[in-house]
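For reference, the structure discussed in these notes is given below.
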Number of protein chains: 2
Amino acid sequence: MNEVELIKLILDRLGTAGRDAQLQIGPGDDAAVVAWKPEEEMVVSTDVCLDGVHVPKDCPGDLVGYRTIAMSVSDIVAMGAVPRYLTIALTIEQADVDWITAFADGVRVGCTEADTTVIGGNLARGVKQIAVTAIGSVPKGQAILRNTAQPKDDIWVTGTLGATSLALQATTKWSPRGLSELKRLTSTDVIARYLLPPIRTRFVDCVRECASACTDISDGLAFELEQLVSGSTYGYTVETHEIPLWPGAELKDVLANDDSYEMLFTSSKDKRKVVLISAQRSDVSVSRIGTVLSSSDRIFTPNHDGISSISGYSHF
Amino acid sequence: MNEVELIKLILDRLGTAGRDAQLQIGPGDDAAVVAWKPEEEMVVSTDVCLDGVHVPKDCPGDLVGYRTIAMSVSDIVAMGAVPRYLTIALTIEQADVDWITAFADGVRVGCTEADTTVIGGNLARGVKQIAVTAIGSVPKGQAILRNTAQPKDDIWVTGTLGATSLALQATTKWSPRGLSELKRLTSTDVIARYLLPPIRTRFVDCVRECASACTDISDGLAFELEQLVSGSTYGYTVETHEIPLWPGAELKDVLANDDSYEMLFTSSKDKRKVVLISAQRSDVSVSRIGTVLSSSDRIFTPNHDGISSISGYSHF
């Protein structure tokens, strides 16, 4: 069984323990949505950052701290929600005070940028791993799901894709630098871009104003494109030359294995101008890369051969 | 540095990222409390269940699932709050479908008992570990903290203590049985009592009606007693023969290393009757084991020697 099948199995077994009258959106999307206040819903997501998987082994604490926050906040933003609170569970092999101090520093920088607050956590001895739960808020009924794209909608992506796969290929040559130095290099250096994903909280308004569906890119573009139409009979066409590739990045790598934490979203054609204006207002670049199809076709033009069968990253 | 010192270090480094105008109670108590609705506060706690630490290595999935839920819910109950929602992040070495299925079954049973809903999660390949975030609710201003005990308050504890230390000593002889069989044995069998802690959601009303301070017992009674007076100049006296020991359990073990997830709370002397009635209503036994002192003394009678220096479990 792969990851998606295992999750489905778990949800089946949970039965009524996975359902609740207040639960608007349950497990399966970027985050859950709970009716909590009359005018506002609570959006909750949990993510795990694994040493050697989501960050290189022996990665400095401040970089791990920042990346962990960026990864978690990304799921909330992809719902069109504002991230508010985080809990952080850190397990670590030993009481490495320097690493833990640096980790907390990276968390602080990430939280300040995302305007979120750490409200609790857990510290235990174990294999290094960080589990973060992010809690956000969205006006009632306005959360944006990942699979509600409509035929003829444009498909958009923020920023550029591909730095992360280049960085992973270069990991062995990687020499650690400090958070503040790397922060200045995220638009030019693949390692900086990989370790310090963009925190797209300023893009929340655009998602909510414009998106008919949205997800963040953490498991490769091919996998995330599938999310947009999952559960429907729709398909999509992607113009591969419109995908905003990081210089030197290859399309195949981006499709198979990208965790740039950029936003992938769909929007009605008549909102093209609004998307561009809203994105500019939040200082985020956007690229229109394709269209949702009413048929179930998956078409990549002009280079269909060899890429249509690429699927995304699976832990299992 | 020990666990408590490390957590303090982290909170210091977080600075303003650990503070927020809506945050009534930040990191450090059993759970955080956030002003979210006018009449209700949100209570949030994160816990990690480590394979080989919080559960025996190779423990069947259903038992791990149940125990994980019980551990998490316990922190919310100790705040006098009703557990509502959970997220569960499971990392596991391989796609062991049988184990994962059993785990989900145990989670379902625990959630049903606690009347909580799993709203999200994460699944990844890694060393087996489960991080749970529990979200509860409490009427505005009514959350019960762990360190607000007042001099002359009675000190109470629910249930019986000591089965868990007996079980840990017996781990090598441990033979796994199914969840439903063990559930019937939690009042007679140490292994059953250890693996399947009580889910004290019915006791929430008693905590909120009666307790001046409350915490759950997860790191030994000595450590938890300290929580009741931490940050104050108060102390306590404990009548050791009043501690409700599991048959065969030793006082020293209970003080040093008990994770029975019973509630330890303080209550004004004039509420003694209310405590007893309220506890009876929720079908939970309670024992009055001591008194909060206005002095900073820590007195154990009649067996003071050899136990006053016992501290609780620390991961580091």
Q) Taking H as built 1.01 Å from N, whose amide H comes closer than 5 Å to the amide H of B:Thr148, not counting residues under 5 places away? A) B:Cys214
Q: Pull up the cross-link candidates among the aspartates and glutamates for B:Lys269, meaning alpha carbon to alpha carbon under 19 Å and not fewer than 8 places away within one chain.
A: B:Asp153, B:Asp154, B:Asp205, B:Glu209, B:Glu239, B:Glu242
Q: Would you pull out the residues with amide H under 5 Å of B:Val55's amide H, same chain only if 5 or more places away, H placed 1.01 Å from N?
A: B:Leu50
Q: Could you please state, rounded to a whole Å, how far the C-alpha centre of segment B:206-241 is from the C-alpha centre of segment B:121-145?
A: 22
Q | Cα centroid separation - segment B:261-287 against segment B:68-102, whole Å | A | 27
Q: Under 1.5 on a/c is rounded, so check that first for the protein assembly as shown, then, if it is not, pick prolate when a/b is larger than b/c and oblate when it is not; a ≥ b ≥ c are the square roots of the alpha carbon gyration tensor eigenvalues.
A: prolate
Q) Which FRET efficiency value, to the nearest 0.05, do you get for A:Asp283 and B:Lys273 by plugging their Cβ-Cβ distance into 1/(1 + (r/R0)^6) with R0 = 51 Å? A) 0.20
(Q) Run through segment A:135-166 and list the trypsin sites (Lys or Arg not before Pro) located in a DSSP loop whose Cβ has at most 16 other Cβ atoms within 10 Å. (A) A:Lys140, A:Lys152
Q: Just tell me, in residue order, which DSSP H segments of chain A are both 20 angstrom or longer along the helix axis (alpha-carbon based) and at least -0.5 in mean Kyte-Doolittle hydropathy.
A: A:61-77, A:97-114
Q: Using a/c under 1.5 as the rounded threshold, could you call segment B:120-215 rounded, prolate or oblate? The axes a ≥ b ≥ c are square roots of the C-alpha gyration tensor eigenvalues, and prolate needs a/b larger than b/c, oblate otherwise.
A: oblate
Q. Residue-wise, which Karplus ³J(HN,Hα) couplings in Hz belong to segment A:132-144, taking 6.51 cos²θ - 1.76 cosθ + 1.60, θ = phi - 60°, and x for glycine or proline?
A. 10, 10, 10, 10, x, 9, 9, x, 3, x, 9, 5, 9
Q.
Explain nothing, just compute: Karplus ³J(HN,Hα) = 6.51 cos²θ - 1.76 cosθ + 1.60, θ = phi - 60°, for every residue of segment A:242-249 in order, whole Hz, x for Gly and Pro.
A. 8, 5, x, 7, 5, x, x, 6
Q: Quick one: compute the contact order of segment A:68-119, relative version, from alpha carbon pairs under 8 angstrom and 6+ residues apart, as a percent.
A: 55
(Q) Can you give me the long-range amide H partners of B:Thr117? Hydrogens built in the peptide plane at 1.01 Å from N, cutoff under 5 Å, separation of 5 or more residues or another chain. (A) B:Tyr85, B:Leu86
Q.
Out of all DSSP beta bridges in the protein assembly as shown, what portion is antiparallel? Express it as a percent rounded to 5.
A. 75
Q | For segment B:288-293, 3J(HN,Hα) per residue [Karplus equation, 6.51 cos²θ - 1.76 cosθ + 1.60, θ = phi - 60°, Hz, x = Gly/Pro] | A | 8, 10, x, 9, 7, 9
Q | Among the listed pairs B:Lys37/B:Lys152; B:Lys152/B:Lys273; B:Lys183/B:Lys252, those beyond 25 Å (Cα-Cα) | A | B:Lys37/B:Lys152; B:Lys183/B:Lys252
Q: If a/c stays under 1.5 just call it rounded; otherwise compare a/b with b/c (prolate if a/b is bigger, oblate if not). Do that for segment A:1-45, with a ≥ b ≥ c from the square roots of the Cα gyration tensor eigenvalues.
A: oblate
Q.
At 7 Å along Cα-to-Cβ for each site, give me the label-to-label distance between A:Lys152 and A:Ile299 in nm.
A. 1.6
Q: Between B:Val53 and B:Thr112, take the C-beta separation as r, use R0 = 22 Å, and let me know the FRET efficiency to the nearest 0.05.
A: 0.25
Q) Which FRET efficiency value, to the nearest 0.05, is calculated for B:Ala170 and B:Arg125 with the Förster distance at 35 angstrom and r the Cβ-Cβ distance? A) 0.65
Q. Roughly how crowded by other chains is peptide B:75-86, in terms of the mean Cβ count from those chains within 10 Å of each of its Cβ atoms?
A. 2
Q: Considering Cα pairs under 8 angstrom that are at least six residues apart, work out the relative contact order of segment B:206-300 and quote it in whole percent.
A: 48
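FYI, it's all coordinate maths here, none of it is from the lab. Given the structure is predicted, the values throughout are model-derived calculations rather than measurements. Glycine gets a Cβ as well: all are built from the backbone with ideal geometry, and neighbour counts include every protein chain shown.
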